[in-house]
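S.K.: Okay, here's the structure, questions in a sec.
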Amino acid sequence: MPAIKAAVDAFYERVLTDPQLKPFFAGVNMRWLKGRQNAFFIQALGGPQVYKGQDMATAHAHLPITQEHFGQVAGHLVAALAAVGVPKALIDEVVAAVAPLAPQIVNSPSQPKGGAASPAGAGARRSPLALARPAQKERFGMANGRTKGANALASRDEATADTTALLESTEGLRAILDALRANVLVANTDLEIVYANERSVETLKGIAADIKTAFGVSLDEIIGGSIHRFHKDPRRIEAILRNPSALPHETQFSFGGITLKVSVNAAYSPSGEVVGYVVNWDDVSERMRLDAEMGRVMSMMENMPMNVMFADRELKIQYLNPASARTLKTLEQFLPVRVDQMAGQVIDIFHKNPAHQRSMLGDPKNLPRQAHIQVGPETLDLLVSPIFDNHKNHVGAMVTWAVVTEKLATERKAKELQQEIAQTAQTLATSSEELTALSQQMGSGATETAAQANIVSAASEQVSKNVQTVSTGTEEMSASIREIAKNANEAAKVATNAVKVAETTNATINLLGESSAEIGKVIKVITSIAQQTNLLALNATIEAARAGEAGKGFAVVANEVKELAKETAKATEDIGQKIEAIQINTKGAVEAIAQIGSVINQINDISNTIASAVEEQTATTNEITRNVAEAAKGTAEIAQNITAVAHAAKSTSDGAQETQKASNQLSQLAAGLQDLVNRTK
């Protein structure tokens, strides 16, 4: 029916331009699909053709179709039918036939619907007859009778005619094989590859370089060539393929980094003759790698010494490795179930407050989480980590755990020991610092001592020389003191004589004073006589004046006497003054001589004292001389000892340097010990 075909073309044209529906048709053979849809519409409108495809639920089970998608498809269908001029009454009939299919088509990939027969007919699942043995027809539901379905609309003749049209034509077979999401190769009876479906071509492109490297066959050389190009032992392979009982034959073979899983079966004609071979194959390299990796991981899990358990999202224990089982066996008496019954148990049985554990472990955002729990006398350290699948979906939690009772006790002891070591290290560091300071001080003191000892040694040598000089000077001083003593004795004698002379002089001067006193008396007499003479001369002058001329001569004599008396009086007065001065001087001389005598007596006493002291000093000087000699000898010994002290001080300085080195090493050791303690915290 051209009108139906036009409606189908218009329908899929609309559907394939809808961005929400187009992804559902990726990789689908549209020619084949349009043929199926054409038969469905003809059947729905009462035509002679019957839809013989899969039932709606099974056909769409792998597609995540929503009710919205179904509504969009129905809308495109109505629009397409209207566009090609289908009467509204017929459109309503089609809609009435399609609407009940919604419960079968609308689904999710995880909840496929299947099994219900299509209202359009009982479409039993079919495989190409030409590629199946007669014995396989019944197994795949291809009995030559009316297929049982909900409506049982297909007759045997119609089914046979439709099957012949589809399966016995090259176009129909190609459409079927190209629609498969599996790799299919077809070989003829000469074992030459004559066909590769679209999926095979896509897969072969991905491994073309490896095939070229391993077998020297390019992608465009695969079709038309023998399968033996890929075999090391063609005879063995051919023997397998020629033996029907060996088929289907499954194997794996690898080349380069590729591993292919191959299933070979024979294709039989209706008469049962082999007309070719169908190869269903898959590149399992990644799967093998993942399987190997999973095997390694599982082997590691099974053999690792660490205790590992896994619980799903329902907190049901799905796995515990042997290490966990062995460790739990030692705690079995404290567990709510036996170890061999642990798998499959929900972890709620281990907790007093399961709700808390579920709220915590049910959300991966709360993980990882570490905790200590008590099982009997033992403490368990648990680390719960979230586990995700390849699509980042949370699938459960993994628990790694260990019995840490002894470890915690050891850690406590280690911590205490660590604190003690830290304190010891601190004390050691402090002591080393003090020792360093002391050694530096010793070094400085020893250096200074050595320097001072050298100075003292030089000074002691100089002192020794000076003592020798003093000894010599002392001997000379002793001789000088003896001379002084002799002179002091002589001075004492001279002073004694001087005292005697002074006493004699003092007596003489005293006599001179007495004589000058007597002279003074005489001078007084002479003065008195001169005064009387002057008085007489005055009287004579007066009498001469009375006598007149006769008395002039007498007056002259009297005047001369008068003048002479004046001169005598004046001379006497001068003599008296001189005598008085002599008396005064004599008195001073007497006093001076008395003082001289006193001084001479003092000198005499001092001389005697000096003489006595000199005698004592002579004895002392002799003792000093003897002591200085001894001191000179001792000073020489001191000089020798100071030299030895200088050597000892140098040795002490060297020892102080060695001590400082040792203290530095001790300080480094203390720092290293402190660092070690810090790193072990």
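A short reminder: the numbers here are calculations on the coordinates, not readings from a lab. Keep in mind it's a predicted model, so treat the numbers as computed, not measured. Methodologically, a virtual Cβ is constructed for each residue, glycine included, from the backbone with ideal geometry; neighbour enumeration extends over all protein chains shown.
S.K.: Tell me, what is the percent relative contact order of the range 411-678, built from C-alpha pairs under 8 Å that lie six or more residues apart? Let's see the in-between values first.
M.R.: Working: 243 pairs, mean separation 133.6, N = 268.
Relative contact order of the range 411-678: 50 percent.
S.K.: Measuring from centroid to centroid over Cα atoms, what is the spacing of the range 497-549 and the range 246-301 in Å?
M.R.: If we compute the Cα centre of each part, the gap is 188 Å.
S.K.: Sticking with this structure for a sec: Give me the distance in nm between label points sitting 7 Å out from Cα along the Cα-to-Cβ direction at residue 30 and residue 343, one decimal.
M.R.: Output for this residue pair reads 5.2 nm.
S.K.: While we're looking at this one, here's another question. Could you please state, rounded to a whole Å, how far the C-alpha centre of the range 311-372 is from the C-alpha centre of the range 200-232?
M.R.: Spelled out, the Cα-based centre of one part sits 52 Å from the other.
S.K.: Note down the relative contact order for the range 483-585 as a percent, whole number, built from C-alpha pairs under 8 angstrom at least six residues apart. Present the calculation step by step, with values, prior to reporting the outcome.
M.R.: On the way: 63 pairs, mean separation 33.3, N = 103.
Relative contact order here is 32 percent.
S.K.: At a 10 Å Cβ-Cβ cut-off, how would you order 264, 28, fewest neighbours first? Walk me through the intermediate numbers first.
M.R.: Working: 264 21, 28 12.
Ordered by Cβ neighbours within 10 Å, fewest first: 28, 264.
S.K.: What shape does the range 181-322 have by the C-alpha gyration tensor, where a ≥ b ≥ c are the square roots of the eigenvalues, rounded means a/c under 1.5, and otherwise prolate means a/b greater than b/c and oblate the rest?
M.R.: On the way: a/c = 2.60, a/b = 2.04, b/c = 1.28.
Prolate shape, in that a/c is at least 1.5 and a/b is the bigger ratio.
S.K.: Over 20 Å between C-alpha atoms is what I'm after, so list which of 205/392; 212/232; 465/633; 524/566 land there.
M.R.: On the way: 205/392 30 Å; 212/232 16 Å; 465/633 11 Å; 524/566 15 Å.
Pairs exceeding 20 Å: 205/392.
S.K.: Straight-line reach from residue 34: which aspartates and glutamates have Cα under 12 Å away, leaving out those fewer than 8 places along the same chain?
M.R.: Candidates past the 8-residue exclusion: 9, 13.
S.K.: Treat the count of other C-beta atoms within 10 Å as a stand-in for reagent exposure and order 483, 615 from fewest to most. All intermediate terms of the calculation are to be shown ahead of the outcome.
M.R.: Values: 483 11, 615 15.
Taking fewest neighbouring Cβ atoms as first place, the list is 483, 615.
S.K.: Let me ask you something else. With unit charges on the beta carbon (Lys/Arg positive, Asp/Glu negative), name the residue among 189, 215, 225 whose Cα is farthest towards the positive pole of the charge dipole of the range 171-290.
M.R.: Value: 215.
S.K.: Sort 607, 444, 431, 667 by Cβ crowding within 10 Å, fewest neighbours at the top. The partial results should precede the final answer.
M.R.: On the way: 607 22, 444 12, 431 15, 667 18.
Going from sparsest to densest Cβ surroundings: 444, 431, 667, 607.
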